[in-house]
Amino acid sequence: MELDERKTVILQAIIKNYLETGEPVGSRTISKYTDLNLSSATIRNEMADLEELGFIVQPHTSAGRIPSDKGYRFYVDTMMQEHEKEVEQLKDVLLEKEEKLDHMLKQAAKLMAINTNYATMVTAPRSSNNAIKFLQLSRIDDAHILAVIVIEGNVIKNTVIDVEEKLDDETMLKLNILLNTHLNGLSVENINLGLITSLKQQAGIYGSIIEDVMDAVAETIKEDDLEIYTSGANNIFKYPELSDNQKASDLINAFEEKHLLTQLIDEDESDNKNEIKVYIGEESPIQTMKDCSIVTANYEFGDGMRGMIGIIGPKRMDYDKVVGTIKTIKSQLDTMYKKDDKK
């Protein structure tokens, strides 16, 4: 059923307030809760209309109102439509950006390698903030549900969850309300055992599904799908101190396997300072690079997204040229986001 904007905002405010407090909601509470700048009398009239339409009810003799099933249904359907629209828009935008970004980062790594004659790496940006923006559960079939998780930075993660029995619309509705009410804005670190226990208790007989969803959320957000672009690994052979068969083999392996490079990335990400860092010899967090020097810097890609650029060479590398190259590429990547953001 269509409601005008004022009634919709008031209904949403009643539902959100009731979900948070569990107490009937009065007009004075709503007047403080919304930015409609309406008087309590006007809000009471709108609430009377909503009650007559069956979206809210008055429990016993309380002056406040609580949502009816019909109100919950309107709220969730509206919320889901908005989220589905947002997810689709995000997917289209992100796909286009990812294609451009993939090409740009490969070119950045190649350019650094050509300019310095050293080995280089660039990581794709990933969110430094893993707070949940919203979570949407939808039924695939009788035995599976799909959890769409959107985290800050507009990173979308999908995961399929097995269920033992078919979940009806009302159950899906309640689970979505429960999860979004308690999880929006929380990071994985804030989702503790106490919160999970509380959610399971509120879910009643569906507590095991909540546990599965929470496990899926944690695993999905934590999963390491970092893309690392490398170039110039063969430049290592140009330097006698690194071209020893074993040393060269270990270094080439690090670039080919790439998982070893994550040690360097993790070290860099643990430092929130956005500055150029230089690791010389034994300072390197990567064992196979103890005979090298590594220069790194983080670049900012907006919306809490950050990536890393790095140049690896002999300890006698041309530090002045390397730092200058890092600064130039970092500046270009930072600026590239600002340009894309304005389009």
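The values are calculated or read from the model by the stated rules, or taken from the named source; none is laboratory data. Since this is a predicted model, take the numbers as computed values, not measurements. Cβ: placed from backbone, ideal geometry, glycine included. Neighbour counts: every protein chain shown.
So the values come out like this:
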item	result
Among residues of the range 1-35, those that are aromatic (F, W, Y) and touching a helix residue (DSSP H, G or I) at 6+ places or on another chain (Cβ under 9 Å), counted	1
Subset of the range 294-325 (residues that are within 18 Å of K110 (Cβ to Cβ) and either of a type in the set (F, W, Y) or not in a strand (DSSP E or B) (or both))	Y299, K321, V322, G324, T325
First in the range 181-206 and touching a residue at least 40 places away in the same chain (Cβ under 8 Å), second anywhere and among the hydrophobic types (A, V, I, L, M, F, W, C) and assigned to a loop (DSSP other than H, G, I, E, B), Cβ under 7 Å, 6 or more apart	G185/A131; L186/A131; S187/A131
Which numbered condition Q263 misses (of (1) without any contact (Cβ under 8 Å) to a residue 40 or more places away in the chain; (2) not assigned by TED's automatic domain parsing to the domain that holds L105)	(2)
Residues of the range 252-296 satisfying the condition of being at pLDDT 85 or above and crowded, with 20+ Cβ neighbours inside 10 Å	Y279, M289, C292, S293, I294, V295, T296
Strands (runs of 3 or more DSSP E) wholly inside the range 130-185 containing at least 1 residues that are in the same structural domain as K200 (by TED's automatic domain parsing) and small (G, A, S)	132-141, 144-151
